[in-house]
Amino acid sequence: MSDVGHEQNEHESMPSRQRRRFPGISSRAYEHPADRSALVALRKLSGFDTVFKALSGLLPERSLRLLFLSDSVRVSDMQFAHLNDMLRDACHILDLEQVPPMYVTQDPQPNAMCIGLDEPIIVVTTGLVELLDEEEMRAVVGHEVGHALSGHAVYRTILLFLTNLALRVAWIPLGNVAIMAIVTALREWFRKSELSADRAGLLVGQDLQASMRGLMKIAGGNHLHEMNVDAFLEQAEEYEAGGDLRDSVLKILNVLPRTHPFATVRAAELRKWAATRDYQRIMDGHYPRRDEDKDTSVSDSFRQSAASYANEVKRSKDPLMKLVTDIAGGAGDLAGDFGGRVRRGFAGFAGNSPKDAPKDAPREPRDSRPDDENPDADG
C-alpha cells in the first residue's frame with residue numbers, strides 16, 4: 001500500500017485531533033435515567049423486534065430514504081467532506097462500527113435528526129450547517145451518532161409516523177384522541193432522549209463551551225458577539241423559578257407539543273451533567289460496556305428513572321412543583337402520624353392488659369424520648 005493510501009486509511013479511522021475514545025461504550029453510560037429505563041424495558045420485551053419488523057411495512061421508511069437520496073446531498077469524501085470527517089470521528093470515539101449515511105437537506109430552519117428502522121440515517125439542514133462553527137457542529141454530529149447508538153432512530157421514526165397519522169384521522173371521533181395520547185407519551189420520552197444525545201455530543205466533541213455555544217445559536221441565531229453563555233444560562237434559572245402557578249401550567253402546555261426541550265433548559269442540564277462524577281468517570285475510562293447490556297435489570301432502571309423524576313421535582317423552583325412537593329410532604333407527614341398512632345395502639349393492646357394498665361396513668365409522649373430509647377424512631 002502506498003504512503004498516500006496508508007495516510008488516507010489512517011485519516012478515515014482516527015479523529016482529526018486527539019480526543020478520548022470509548023471502546024465498547026454502552027449508550028447507558030450517557031442516557032438520561034428516564035430515557036434509559038424506557039429503552040431497557042423495550043429491549044427486554046419479548047417479541048418487540050418482531051412487532052417492529054411487521055410494523056416497518058406500514059412506516060414510510062423506504063420512502064424517506066428515497067426522498068433524501070433523490071432530493072438532498074449525501075455526505076462523503078467528495079461532498080461536505082468536513083462533515084464526513086466529523087461523522088467518522090464521532091463513530092470512532094463512540095465505537096459505532098457501522099457509520100450511518102448522512103444527508104444535508106435544503107432548509108433554512110436549523111435542525112438535525114436521526115431516523116430509520118433497519119438502519120439509522122442522519123439528516124442535517126443547510127440552516128444548521130451555515131449557523132455553527134466546526135466544534136459546535138462536531139457536538140451536533142456526536143449528538144446524532146448518540147441517537148444512533150441508543151437506538152432512538154426507530155422510535156423517532158414511529159413518532160413521526162404517528163404524528164402524521166394523527167393529522168390524517170383528526171376528523172374521526174375519538175380516533176385522534178387515542179393516537180395523540182401515544183404521541184404525547186412518546187414526546188415526553190423523546191425530550192429526555194434529547195438530553196441523552198446532548199451528553200453523547202459532549203463525549204464526542206469534548207468541548208463544553210462549544211456545546212453551549214451551539215445551543216445558544218440555535219436559540220438566538222448567528223450573533224455570538226451579542227450573546228453570553230452565563231447570561232443565557234441565567235435565563236434557564238429564571239424560566240425554572242419565575243412566575244406563579246398560572247405560568248407553571250403555561251410551561252406545561254408550551255412543552256407538550258415539542259419533541260425537544262427548550263434550548264436554555266438543554267444547556268443548563270448539559271452543564272449540570274458535565275459537573276457530575278458520572279461524566280468524569282466516563283472521561284477516565286470507567287463506563288458501562290455494550291456487552292453488559294443484556295444483564296441490565298429493568299427494575300433497577302425504573303427505580304433510577306423514578307428517583308430521577310423525584311429529585312427533579314424536589315430540586316425544582318417552579319411554583320407548581322413546589323406545591324406538589326409540599327402536598328406530597330404533607331401527605332407523608334399525615335401518613336406517618338397515622339401510622340405511628342396505629343403502631344402505638346397495637347403496642348398498647350399487646351403489652352398491657354386492661355387490669356394491669358392504670359386508666360389515669362400519664363403516658364409519656366413518643367417523640368419526647370431520645371432516639372436510642374425510642375423503639376419506633378427512624379434509623
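With the crude spin-label approximation of a point 7 Å out along Cα→Cβ, what separation in nm comes out for ALA275 versus ASP293?
Going by the 7 Å Cα→Cβ label model, 3.2 nm.
What is the spin-label model distance, in nm, from GLN109 to ARG74 if the labels are put 7 Å beyond Cα along the C-beta direction?
2.6
Sort CYS91, CYS114 so that the residue with the fewest other Cβ atoms within 10 Å of its own Cβ comes first and the one with the most comes last.
Numbers: CYS91 21, CYS114 24.
Ascending number of Cβ neighbours within 10 Å: CYS91, CYS114.
Read-outs: derived from the displayed coordinates by stated rules, not from any lab. Predicted, not measured: the structure shown is a model, and the values here were computed from it. Positions of Cβ are generated from backbone atoms using ideal geometry, with glycine treated the same way; all protein chains shown enter the neighbour counts.
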